[in-house]
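Report on the structure given below.
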Amino acid sequence: MRIMVINPNTSAAMTTLIGGCARAVAGQGTTVVAVSPSMGPASIESHYDEALAVPGILDEIRNGEPADAYVLACFGDPGLDAAREIARGPVVGIAEAAMRTATYVARSFSVVTTLGRTTGRAQELVDRYGVRAYCRSVRACEVPVLELETDPEAKKRILAECRRAVEQDGAESIVLGCAGMADLCAELSGELGVPVIDGVTAGVTIVEGLVRLGVSTSRVGEYAPPPRKQYQGALEGFAL
């Protein structure tokens with residue numbers, strides 16, 4: 001089985017981190033390939049960034065090496081619906097994967113993400129995925145995405161926000177709201193005494209299970225292949 005994990009930003013360091021975490025949970029006989037687009041933003045921290053990351057994601061799915069399943073490794077789940085229309089196998093976004101996984105192990109969760117300006121998007125996804133009754137809060141540690149690896153205080157600030165979610169908001173589990181936090185689960189869980197869930201690893205295990213079950217995206221209705229038509233200008237090459 002071959003799983004493609006797509007980091008929708010263009011940070012090579014983050015792609016390497018994500019790939020390592022994904023491979024650590026993949027089952028025997030599963031190959032994980034971590035990629036990032038050749039075009040797009042260095043990090044995704046706004047609606048503008050998210051919109052401009054989608055063409056790169058779709059290009060990786062259409063023109064990259066074939067895979068049996070795909071994981072979109074950005075917590076906004078950018079381009080998820082479009083990816084499901086064109087991908088050869090099932091596609092899971094890390095926000096959906098992490099939130100749904102949290103509901104299997106606790107009666108409540110809080111999301112701890114990077115910047116406060118992205119919390120609205122996380123709240124939207126809580127509603128979209130039908131887990132509002134479980135979500136106690138969405139908190140931001142105010143560490144920019146690209147500083148998760150370079151800021152020596154980043155881990156301390158993430159832990160502090162997670163602790164507030166548990167102690168003040170009543171969260172019984174934590175969902176990490178950025179793929180760049182994927183390597184922190186075990187350490188944070190040990191400190192907090194509650195399950196801490198990263199969507200990259202959750203997403204890999206979910207799509208791996210779907211492939212083993214022989215289940216993929218429905219091609220009836222909304223996720224049927226897009227109608228063929230002309231595209232103009234810089235997007236001309238995206239015509240199917």
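The values are calculated or read from the model by the stated rules, or taken from the named source; none is laboratory data. Keep in mind it's a predicted model, so treat the numbers as computed, not measured. Cβ atoms come from the backbone with ideal geometry, glycine included; neighbour counts cover every protein chain shown.
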Those residues that are part of a strand (DSSP E or B) and over 23 Å from residue 118 (Cβ atoms), I need them from region 1-34; list them, please.
2, 3, 4, 31, 32, 33
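Taking region 143-175 as the region of interest, how many residues are under 19 Å from the mean Cα position of the chain (by Cα) and either closer than 18 Å to residue 195 by Cα or among the acidic types (Asp, Glu) (or both)?
Of region 143-175, the ones under 19 Å from the mean Cα position of the chain (by Cα) are 143-149, 158, 162, 173-175.
Those still in the list that are either closer than 18 Å to residue 195 by Cα or among the acidic types (Asp, Glu) (or both) too: 147, 149, 158, 162, 173-175.
The qualifying residues number 7.
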State all residues of region 102-137 that are polar (S, T, N, Q) and touching a helix residue (DSSP H, G or I) at 6+ places or on another chain (Cβ under 7 Å); if no residue qualifies, say none.
110, 113, 114, 137
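Could you list, in sequence order, the residues of region 60-80 that are on the phi < 0 side of the Ramachandran plot and within 8 Å of the chain's Cα centre (by Cα)? Break it down stepwise before answering.
Filtering region 60-80 down to residues on the phi < 0 side of the Ramachandran plot leaves 60-76, 78, 80.
Correct list: 71, 72, 73, 74, 75, 76.
Taking region 25-64, which residues are acidic (Asp, Glu) and in contact with a strand residue (DSSP E or B) (Cβ under 7 Å, 6 or more places away or on another chain)?
If we filter region 25-64 for residues that are acidic (Asp, Glu), which is where we start, we get 45, 49-50, 59-60.
Hit for region 25-64 is 60, nothing else.
Would you mention how many residues in region 112-132 are of a type in the set (S, T, N, Q) and either touching a Pro at 6+ places or on another chain (Cβ under 6 Å) or outside any helix (DSSP H, G or I) (or both)? It would help to see each step written out before you state the result.
Just the residues of region 112-132 that are of a type in the set (S, T, N, Q), to begin with: 113-114, 118-119, 123.
The next check asks that each one be either touching a Pro at 6+ places or on another chain (Cβ under 6 Å) or outside any helix (DSSP H, G or I) (or both); those that pass are 113-114.
The total comes to 2.
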Within region 136-154, the residues that are crowded, with 18+ Cβ neighbours inside 10 Å and either not small (Gly, Ala, Ser) or not assigned by TED's automatic domain parsing to the domain that holds residue 121 (or both) are 136, 138, 139, 141, 143, 145, 148
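Looking at region 41-48, is at least one residue touching a residue at least 12 places away in the same chain (Cβ under 8 Å), polar (S, T, N, Q), closer than 20 Å to residue 14 by Cα and not assigned by TED's automatic domain parsing to the domain that holds residue 147?
Among the residues of region 41-48, at least one is touching a residue at least 12 places away in the same chain (Cβ under 8 Å), polar (S, T, N, Q), closer than 20 Å to residue 14 by Cα and not assigned by TED's automatic domain parsing to the domain that holds residue 147, which makes the answer yes.
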Here the residues within region 2-50 that are touching a Cys at 6+ places or on another chain (Cβ under 9 Å) and over 20 Å from residue 88 (Cβ atoms) are 9, 21, 44, 50
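Looking only at region 212-228, decide whether some residue is free of Cβ contacts under 8 Å to residues at least 12 places away in the same chain and under 21 Å from residue 22 (Cβ atoms). So that I can check it myself, show each step before the final result.
Going through region 212-228, the residues free of Cβ contacts under 8 Å to residues at least 12 places away in the same chain turn out to be 213-214, 218-221, 227.
Now drop any that are not under 21 Å from residue 22 (Cβ atoms), which leaves 213.
Within region 212-228, one or more residues are free of Cβ contacts under 8 Å to residues at least 12 places away in the same chain and under 21 Å from residue 22 (Cβ atoms).
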Look through region 104-158, keep the residues that are touching a residue at least 12 places away in the same chain (Cβ under 8 Å) and of a type in the set (Gly, Ala, Ser), and return whichever of them is farthest from residue 46 (Cα to Cα).
106
Hey, any hits in region 58-80 for a residue that's crowded, with 24+ Cβ neighbours inside 10 Å, assigned to a loop (DSSP other than H, G, I, E, B), among the aromatic types (Phe, Trp, Tyr) and not assigned by TED's automatic domain parsing to the domain that holds residue 182?
yes
Given the structure, is residue 102 surrounded by 20 or more Cβ atoms within 10 Å (Cβ to Cβ) and in the same structural domain as residue 149 (by TED's automatic domain parsing)?
yes
